[in-house]
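Inspection log for the structure reproduced underneath, given as C-alpha coordinates.
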Amino acid sequence: MRIENFSFGSIDIDGRTYAHDVVIDRGKVCKRRKGASKRHRDSYGHTPLSADEEIPWSCRRLVIGTGAAGALPVMDAVKVEARRRGIELVMAPTKRAIDLLATDSNATNAILHVTC
(Lines give C-alpha, C1' and ligand atoms only; values in the text may rest on other atoms or scores of the structure.)
Protein backbone atom coordinates (compact mmCIF):
# COMPACT_ATOMS: atom_id res chain seq x y z
CA MET A 1 0.00 0.00 0.00
CA ARG A 2 1.35 3.39 -1.00
CA ILE A 3 0.19 6.45 0.93
CA GLU A 4 1.25 9.81 -0.40
CA ASN A 5 0.19 13.42 -0.86
CA PHE A 6 -1.49 13.91 2.50
CA SER A 7 -2.71 17.45 2.99
CA PHE A 8 -5.44 19.00 5.09
CA GLY A 9 -8.69 17.45 3.89
CA SER A 10 -7.39 14.72 1.60
CA ILE A 11 -5.07 11.76 1.32
CA ASP A 12 -3.88 9.72 -1.67
CA ILE A 13 -3.69 5.95 -1.20
CA ASP A 14 -2.61 3.71 -4.07
CA GLY A 15 -3.35 6.44 -6.61
CA ARG A 16 -6.84 7.21 -5.31
CA THR A 17 -7.70 10.46 -3.52
CA TYR A 18 -9.92 10.33 -0.42
CA ALA A 19 -11.50 13.56 0.84
CA HIS A 20 -12.64 11.99 4.12
CA ASP A 21 -11.27 10.01 7.04
CA VAL A 22 -10.27 6.47 6.16
CA VAL A 23 -10.00 3.12 7.89
CA ILE A 24 -7.34 0.68 6.72
CA ASP A 25 -8.20 -2.88 7.69
CA ARG A 26 -5.77 -5.58 6.53
CA GLY A 27 -4.89 -3.55 3.44
CA LYS A 28 -8.46 -2.61 2.52
CA VAL A 29 -9.32 1.10 2.55
CA CYS A 30 -12.81 2.34 3.38
CA LYS A 31 -14.50 5.48 4.66
CA ARG A 32 -14.54 6.01 8.41
CA ARG A 33 -18.15 5.79 9.56
CA LYS A 34 -18.14 8.15 12.50
CA GLY A 35 -21.90 8.41 12.98
CA ALA A 36 -21.83 6.30 16.14
CA SER A 37 -19.37 8.76 17.71
CA LYS A 38 -21.32 11.91 16.86
CA ARG A 39 -23.31 11.72 20.10
CA HIS A 40 -20.04 12.54 21.93
CA ARG A 41 -19.39 15.66 19.84
CA ASP A 42 -20.72 18.17 22.40
CA SER A 43 -18.41 16.82 25.11
CA TYR A 44 -15.33 17.20 22.91
CA GLY A 45 -16.18 20.09 20.59
CA HIS A 46 -15.38 17.71 17.75
CA THR A 47 -16.51 14.19 16.85
CA PRO A 48 -14.03 11.95 18.71
CA LEU A 49 -12.96 8.43 17.89
CA SER A 50 -15.08 6.27 20.18
CA ALA A 51 -15.37 2.55 20.80
CA ASP A 52 -18.90 2.85 19.36
CA GLU A 53 -17.39 2.91 15.85
CA GLU A 54 -16.26 -0.06 13.79
CA ILE A 55 -12.62 -0.22 14.89
CA PRO A 56 -10.36 -2.55 12.83
CA TRP A 57 -9.20 -4.65 15.80
CA SER A 58 -7.84 -7.57 13.71
CA CYS A 59 -4.19 -6.55 14.06
CA ARG A 60 -1.24 -6.39 16.40
CA ARG A 61 -0.85 -2.62 16.06
CA LEU A 62 -3.51 0.03 15.47
CA VAL A 63 -2.27 3.41 14.27
CA ILE A 64 -4.59 6.36 14.71
CA GLY A 65 -3.76 9.43 12.65
CA THR A 66 -5.14 12.27 14.75
CA GLY A 67 -5.28 14.87 11.96
CA ALA A 68 -3.03 17.52 10.49
CA ALA A 69 -2.64 19.26 13.85
CA GLY A 70 -3.19 16.15 15.97
CA ALA A 71 -6.53 17.38 17.31
CA LEU A 72 -8.75 14.28 16.89
CA PRO A 73 -9.85 13.23 20.38
CA VAL A 74 -9.54 9.51 21.10
CA MET A 75 -11.84 8.38 23.89
CA ASP A 76 -10.46 6.42 26.81
CA ALA A 77 -12.71 3.45 25.99
CA VAL A 78 -10.72 2.93 22.75
CA LYS A 79 -7.47 2.87 24.71
CA VAL A 80 -8.90 0.46 27.28
CA GLU A 81 -10.23 -1.89 24.58
CA ALA A 82 -6.88 -1.91 22.76
CA ARG A 83 -5.12 -2.81 26.00
CA ARG A 84 -7.69 -5.54 26.74
CA ARG A 85 -7.12 -7.05 23.29
CA GLY A 86 -3.33 -6.84 23.57
CA ILE A 87 -3.08 -4.44 20.63
CA GLU A 88 -0.39 -1.79 20.51
CA LEU A 89 -2.19 1.52 20.08
CA VAL A 90 -0.21 4.32 18.46
CA MET A 91 -1.68 7.81 18.18
CA ALA A 92 0.12 10.50 16.21
CA PRO A 93 -0.64 13.39 13.86
CA THR A 94 -1.66 11.89 10.52
CA LYS A 95 1.58 12.78 8.71
CA ARG A 96 3.59 10.87 11.35
CA ALA A 97 1.02 8.04 11.38
CA ILE A 98 1.58 7.57 7.64
CA ASP A 99 5.32 7.18 8.27
CA LEU A 100 4.57 4.56 10.94
CA LEU A 101 2.43 2.57 8.51
CA ALA A 102 5.46 2.06 6.31
CA THR A 103 6.92 -0.28 8.94
CA ASP A 104 5.36 -3.66 9.73
CA SER A 105 2.26 -2.80 7.70
CA ASN A 106 1.13 -6.44 7.49
CA ALA A 107 0.29 -6.50 11.19
CA THR A 108 -0.98 -2.92 11.34
CA ASN A 109 -4.42 -1.40 10.78
CA ALA A 110 -5.16 2.31 10.84
CA ILE A 111 -7.71 5.05 11.21
CA LEU A 112 -6.56 8.26 9.53
CA HIS A 113 -8.22 11.60 10.23
CA VAL A 114 -7.60 14.02 7.35
CA THR A 115 -8.62 17.36 8.86
CA CYS A 116 -7.83 19.24 12.12
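Numerical summary
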read-out: Mean separation of Cα contacts under 8 Å, 6 or more apart, over the residue count of the chain: relative contact order %; value: 32
read-out: Antiparallel content of DSSP bridges confined to the chain, in %, to 5; value: 55
read-out: Within straight-line cross-link reach of K28, lysines at Cα separation under 22 Å, skipping those fewer than 8 residues along the same chain; value: K95
read-out: Volume per residue that the Cα convex hull of the chain spans, once the total is divided by residue count, Å³; value: 85
read-out: Accessible area of the chain belonging to carbon and sulfur atoms, whole % at 1.4 Å probe; value: 45
read-out: List E4, E88, ordered by accessible area with a 1.4 Å probe, largest first; value: E88, E4
read-out: Solvent-accessible area per residue, Å², over the chain with all protein chains present [probe radius 1.4 Å]; value: 55
read-out: Accessible-area ranking of C116, C30, largest first, probe 1.4 Å; value: C30, C116
read-out: Principal axis dimensions, the range 34-87 - Cα atoms, whole angstrom, descending; value: 30, 23, 16
read-out: Debye, to nearest 20: dipole size of the chain, +1 on Lys, Arg Cβ, -1 on Asp, Glu Cβ; value: 200
read-out: The range 73-116: Rg to Rh, with Rh as the Kirkwood radius over Cα pairs; value: 0.97
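The values are calculated or read from the model by the stated rules, or taken from the named source; none is laboratory data. Nothing here was measured: the structure is a model prediction, and the numbers come from that model. Note that each Cβ is placed from the backbone with ideal geometry, even for glycine, and that neighbours are counted across all protein chains shown. When the accessible area is computed, the model is the full protein with side chains, heavy atoms only, and any ligands, DNA or RNA have been set aside. Shrake-Rupley method; radii C 1.70, N 1.55, O 1.52, S 1.80 Å.
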